[in-house]
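The values are calculated or read from the model by the stated rules, or taken from the named source; none is laboratory data. These figures come from a predicted structure and were not determined experimentally. Quick reminder, even Gly has a Cβ in these numbers, built from the backbone with ideal geometry, and neighbours come from all protein chains shown.
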Amino acid sequence: MSKVLKVNHLPALTYRFLKSNDSEIEIKDIEIKAEKTPVTGELPGGISVKDDATEEDIRKIFKSVNEKIAAKKLDIPGPNGDTMPLNDAQTVRTGMGVEIDSFMQEMNVPVTVISAEEGQKVSQPVMIRYELSDGDCVLGSQVIHAKKDSEITVIMEYVSEPDNGGFLGIQTRLLAEEGAKINLVKVQTISEKMVHFDDIGGVCDDKADIEAINMQLGAGHTWGGCRVTLLGDNCVFNNHTGYLCRHKQGYDMNYVADQMGKKTNSNMVFRGVLLDEAVKTFRGTLDFKAGSAGSVGDEQEDTLLLSPDVINRTMPVILCGEEDVDGRHGASIGQLGDDTLFYMESRGIDEESAKKLMIRARMESIARMIPDEAIIIRIQQYIRTIL
Amino acid sequence: MSENNKAVVDIDRRVYDIKDVENEQDFYRMEDGFTEDIVRKISEEKHDPEWMREFRLKSLEIYNKLEMPDWGPDTDDLDMNLISSYVRSKSDMKGKWEDVPEDIKNTFERLGIPEAERESLAGVGAQYDSELVYHNVKDEVAAQGVVYTDMESALTGEYSEMVHEYFMKLVPPTDHKYAALHGAVWSGGSFVYVPKGVKVEIPLQSYFRLNAAGAGQFEHTLIIVDEGADLHFIEGCSAPKYNVANLHAGCVELYVKKNARLRYSTIENWSKNMYNLNTKRALVEEGARMEWVSGSFGSHTSYLYPMTILKGDHSNMEYTGITFAGKGQNLDTGAKVIHQGKYTSSMISTKSISKSGGIGTYRSSVTINKEAKHAKTSVSCDSLMLDSISRADTIPGMDIRTNDADVGHEAKIGRISDEAVFYLMSRGLSEEDARALIVSGFANPVSKELPLEYAVEMNNLIKLEMSGG
């Protein structure tokens with residue numbers, strides 16, 4: 001099949017010459033396998049897994065929060081160049097947008113629903129591992145549903161042999177009901193000959209919490225999107241993304257926190273390194289909707305550029321239709337500072353080693369947050385190997 | 001409350017809104033719309049050289065092909081068939097203030113232009129609708145070789161070759177739809193040339209007044225500051241409010257040559273029926289410096305993003321801007337910078353205030369090209385929301401194509417802190433005065449960059465907005 005998907009719409013369009021308003025995934029001449037979610041190991045108690053859910057089933061799961069979203073009257077017009085209406089048809093708004101939904105449905109991708117039962121706080125993670133062979137073109141979809149006052153941790157790994165070619169497209173949708181918490185970890189180390197997209201969309205109800213950790217280290221080209229609707233009052237979204245792009249790798253991402261409830265809190269951190277001829281486009285948006293009084297949001301981007309041939313595009317957006325909010329963005333983009341290098345060299349570390357040390361330090365500052373020592377070690381080994 | 005503040009509150013916005021009736025006997029008005037026939041008539045009226053007539057027609061062709069951008073404020077209510085591209089007084093431009101027709105003179109007297117000229121300016125140009133009605137430069141400045149004249153005189157006079165060389169080369173008509181429209185129907189504006197090494201100690205100012213209802217103003221400003229020279233140019237604009245849309249699609253092209261410095265200050269106070277679709281651009285050569293100071297208070301809708309191209313090594317720019325979006329306004333403003341030369345640096349600092357349903361959008365781009373080694377940029381944008389029926393959006397973009405760059409960006413959106421208001425009220429200020437004082441403080445980084453008279457005007461405009469004036 002051949003197809004072009006338009007994804008990662010910036011929530012408010014800007015100058016066309018920046019070429020960052022959206023992105024396109026060209027899917028050419030591949031045979032897609034729509035797979036069930038490969039949950040591995042023993043399932044922790046209090047967690048249930050249901051395969052083969054339909055989109056209709058998913059609509060039912062999100063029905064009550066979607067009604068609540070629809071009931072929120074936004075009297076204030078959207079921003080200039082508003083792209084929000086483009087994704088109105090989604091069951092859950094995701095970072096990459098409606099064309100991923102349509103593609104998944106067109107390819108009949110079965111949805112796996114992983115649920116934490118009401119009141120069950122489960123610390124043992126649910127492990128999901130996509131292991132791709134050469135030529136595999138896989139699509140997968142799952143919904144993580146944390147029912148009232150529950151807690152669930154899901155760790156997803158995408159791996160392959162270094163020279164395998166193929167395609168991996170994943171969509172993960174999250175619902176954290178009142179007082180619930182979802183910890184989602186994604187680690188991607190697939191071959192640079194593979195193309196990858198990873199789309200996340202979530203809804204947080206009252207006092208709920210979504211914590212996401214995302215390590216994007218492999219794939220020739222990756223599209224990543226994550227949109228969390230902070231619907232309820234006092235809910236939280238924390239995201240930590242680490243990425244390492246080298247050779248001709250490309251990473252195109254779109255993160256959005258839609259803050260609707262009162263006293264919501266979003267905090268997004270992005271730490272990355274670009275080497276060789278890597279290209280990265282970062283879109284990060286804090287969207288304070290009317291009625292989100294008392295909310296705070298912060299997004300911080302820190303990018304280390306280690307080659308004269310890299311391209312770094314950054315679009316840090318703050319949209320605001322509410323007076324009583326505090327929104328902040330900070331970005332620091334550049335090469336290793338002379339002071340840092342001088343310090344390293346005075347300790348007997350040459351420039352090349354100093355750079356490797358700083359790359360590892362950045363990646364490990366995110367990896368260390370993963371609640372699984374074996375995966376942290378695998379990440380360290382992977383970085384050591386590719387450097 | 002101090003007497004000083006009372007005086008501020010008492011300032012009457014109506015001075016900007018006085019409508020002077022333009023009768024057929026004294027004014028010539030082109031029929032509405034933008035057609036080839038109209039463009040030919042304008043060209044004829046203005047005795048354009050052949051190349052300019054061709055340029056206008058080509059621009060019109062481009063205008064008809066280009067679409068409006070999909071990212072900015074809505075312009076659906078701007079019916080181009082109801083806009084007159086050219087309105088002028090039947091009187092010629094004057095070099096002496098007393099020769100300017102009485103009704104036009106009265107308008108500018110009310111706005112304080114001749115007074116400002118006497119007190120603090122090296123020269124003044126005053127445009128009324130589509131044409132300059134007055135232009136004068138102080139003898140001592142003219143004696144330094146500084147040229148400050150209207151564009152039409154420059155186009156056909158001594159500087160015609162220079163105009164031909166530079167006109168719309170920095171902002172080509174293909175740039176966007178309203179740049180093309182400007183190329184087709186431009187009229188009025190100023191030409192400035194500051195010779196090598198000349199430092200103009202006090203500012204030049206052009207003031208643009210659009211008095212006619214349903215009209216467009218398309219003035220062109222071309223400034224060349226030659227090597228080692230220095231100039232501060234001030235641009236002011238206003239219009240009375242009408243119930244029909246007015247259009248301003250001016251174009252400013254600034255050339256800052258090696259080691260020169262240009263400061264371009266604008267206080268924009270168009271009426272709130274104005275579509276301000278203006279384009280400004282500066283080309284900065286080696287070791288030169290461009291400074292923008294920009295205050296946007298008026299207009300119904302604005303698209304305004306002055307662009308600086310740091311072409312030469314060691315060139316730099318600084319942009320300081322404030323936008324105050326009140327009731328019924330959608331002001332989409334910001335800045336663009338392209339780093340091309342080595343060791344270039346840019347600093348963008350903006351403040352945006354939204355109130356009473358106004359929409360304020362800060363939009364910017366920073367591009368650092370591969371060749372721009374050792375480039376440094378710092379962007380800081382602060383937005384203040386004064387109520388929950390307004391919008392404040394921040395949409396910056398950065399495109400960095402070398403590792404040898406240092407990029408810093410920070411943005412903040414927030415409200416006036418209750419603690420600050422409480423503190424000022426405990427010192428005897430009313431809540432309204434306390435809030436006005438805090439907003440003035442928020443705008444201080446911009447007002448301190450303006451000459452005193454203009455800083456006072458800006459603060460007055462802020463206080464008028466805050467008091468719902």
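With the condition kept exactly as written, say whether any residue in the range B:259-266 is surrounded by fewer than 21 Cβ atoms within 10 Å (Cβ to Cβ), at pLDDT 95 or above and not polar (S, T, N, Q). Scanning the range B:259-266 turns up at least one residue that is surrounded by fewer than 21 Cβ atoms within 10 Å (Cβ to Cβ), at pLDDT 95 or above and not polar (S, T, N, Q).
Taking the criterion of being within 14 Å of chain B (Cβ to nearest Cβ) and either among the polar types (S, T, N, Q) or farther than 25 Å from A:Cys204 by Cβ (or both), would at least one residue in the range A:22-39 satisfy it? The answer is yes; a qualifying residue exists.
Contact map, the range B:283-302: residues that are over 11 Å from B:Gly358 (Cβ atoms) paired with residues that are surrounded by 24 or more Cβ atoms within 10 Å (Cβ to Cβ) and of a type in the set (Lys, Arg), Cβ distance under 9 Å, separation 6+ or inter-chain. Pairs shown: B:Trp292/B:Lys280; B:Ser294/B:Lys280. When each of A:Met315, A:Met369 is tested for being within 12 Å of chain B (Cβ to nearest Cβ) and within 23 Å of the chain's Cα centre (by Cα), the lone residue that passes is A:Met315. Specify the residue that is nearest to B:Asn330 (Cα to Cα); the eligible residues are those in the range A:294-312 that are within 7 Å of another protein chain (Cβ to nearest Cβ) and surrounded by 22 or more Cβ atoms within 10 Å (Cβ to Cβ). Among residues in the range A:294-312 that are within 7 Å of another protein chain (Cβ to nearest Cβ) and surrounded by 22 or more Cβ atoms within 10 Å (Cβ to Cβ), the one nearest to B:Asn330 (Cα to Cα) is A:Asn312.
For B:Ile62, the conditions (1) part of a loop (DSSP other than H, G, I, E, B); (2) modelled with pLDDT of 85 or more all hold with the exception of (1). Among the conditions (1) touching a residue at least 60 places away in the same chain (Cβ under 8 Å); (2) over 13 Å from B:Leu247 (Cα atoms); (3) within 14 Å of chain A (Cβ to nearest Cβ), B:Asp70 misses just one, which is (1).
Check the range B:157-176 and report whether any residue there is surrounded by fewer than 22 Cβ atoms within 10 Å (Cβ to Cβ) and touching a His at 6+ places or on another chain (Cβ under 6 Å). No: the range B:157-176 contains no residue that is surrounded by fewer than 22 Cβ atoms within 10 Å (Cβ to Cβ) and touching a His at 6+ places or on another chain (Cβ under 6 Å). Evaluation of A:Ile114 against the conditions (1) under 29 Å from A:Thr285 (Cα atoms); (2) in contact with a helix residue (DSSP H, G or I) (Cβ under 9 Å, 6 or more places away or on another chain) shows that the sole unmet condition is (2).
Under the condition of being more than 14 Å from chain B (Cβ to nearest Cβ) and in a helix (DSSP H, G or I), which residue from the range A:85-101 is farthest from A:Lys50 (Cα to Cα)? Here the answer is A:Asn87. Taken together, A:Ser332, A:Ser346 contain a single residue that is over 21 Å from the mean Cα position of the chain (by Cα) and either surrounded by fewer than 24 Cβ atoms within 10 Å (Cβ to Cβ) or free of Cβ contacts under 8 Å to residues at least 60 places away in the same chain (or both), which is A:Ser346.
Only one of the listed residues (B:Gly295, B:Gly287) is of a type outside the set (D, E, K, R) and outside any strand (DSSP E or B). That residue is B:Gly287. Screening the candidates A:Gly261, A:Gly272 for the property of being more than 9 Å from chain B (Cβ to nearest Cβ), assigned to a loop (DSSP other than H, G, I, E, B), touching a Cys at 6+ places or on another chain (Cβ under 8 Å) and more than 15 Å from B:Arg401 (Cα to Cα) yields one hit, A:Gly261. For the range B:378-400, a residue qualifies if it is more than 7 Å from chain A (Cβ to nearest Cβ), surrounded by fewer than 24 Cβ atoms within 10 Å (Cβ to Cβ) and either hydroxyl-bearing (Ser, Thr, Tyr) or out of contact with any helix residue (DSSP H, G or I) (no Cβ under 8 Å at 6 or more places or on another chain) (or both), and the qualifying residues are B:Ser378, B:Ser380. Restricted to helices (runs of 4 or more DSSP H) entirely inside the range B:368-469, those with at least 3 residues that are under 21 Å from the mean Cα position of the chain (by Cα) and under 30 Å from B:Phe233 (Cβ atoms) are B:444-447, B:452-466. Determine, yes or no, whether A:Met104 is closer than 30 Å to A:Glu178 by Cβ, assigned to a helix (DSSP H, G or I), touching a residue at least 60 places away in the same chain (Cβ under 8 Å) and under 20 Å from the mean Cα position of the chain (by Cα). Here the answer is yes, as A:Met104 does meet what is asked.
Screening the candidates A:Asp258, A:Asp252 for the property of being acidic (Asp, Glu), crowded, with 24+ Cβ neighbours inside 10 Å and under 18 Å from A:Gly321 (Cβ atoms) yields one hit, A:Asp258.
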